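Written below as structure tokens is the structure these notes are about.
Read-outs throughout are calculated quantities, based only on the coordinates presented, and are distinct from any laboratory measurement. Everything numeric here is computed off the predicted structure, so don't read it as measured data.
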Amino acid sequence: MTNENAEVEKKAPEEPPAPLGKRTVEFAQRAWRPAGTVAAVGLALLMMIHVVNGKNGLTVWRQKRAEDKQLQLEIQQLQQENQQLQQHVDELKSDPDAIEHEAREKLHYAKPNEVIVALPAQTGEQAQPAGAGK
């Protein structure tokens, strides 16, 4: 027991607790770095969520990109159709044979002493030759 008493006597006398203000400052200094790290990670996560799902995020960007590709394809098809129609108009303006063809087909015009015989339109069943469906 004497050893225990000797150890107790050798201990330095306990200092009174530091004032509250000083303890608060020490705690803030120790906790600042971890708290700042947590805040930075939280902010980074919020930014990442916003970048992916925000008003102009990656999800919306992909949808807009797919829509843009579809519209570009549609524009290309319309330009091609427009070019074909323009060629047809140019033919009708300059080629007498094309004018005559259109007049005969669309307007049912005929030359003098020609007879036009109108045949009834064929339906799907009538258009097939006999024995083709077997």
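Observations on the structure shown:
- Shape box of segment 9-60 [Cα atoms, principal axes, largest first, Å]: 73, 22, 9
- Couplings 3J(HN,Hα) for segment 83-92, derived from phi with the Karplus relation 6.51 cos²θ - 1.76 cosθ + 1.60 (θ = phi - 60°), are 5, 4, 5, 5, 5, 4, 4, 4, 4, 5 Hz, where x marks Gly and Pro.
- P(r) tail fraction, segment 56-108 - alpha-carbon pairs more than 19 Å apart, %: 55
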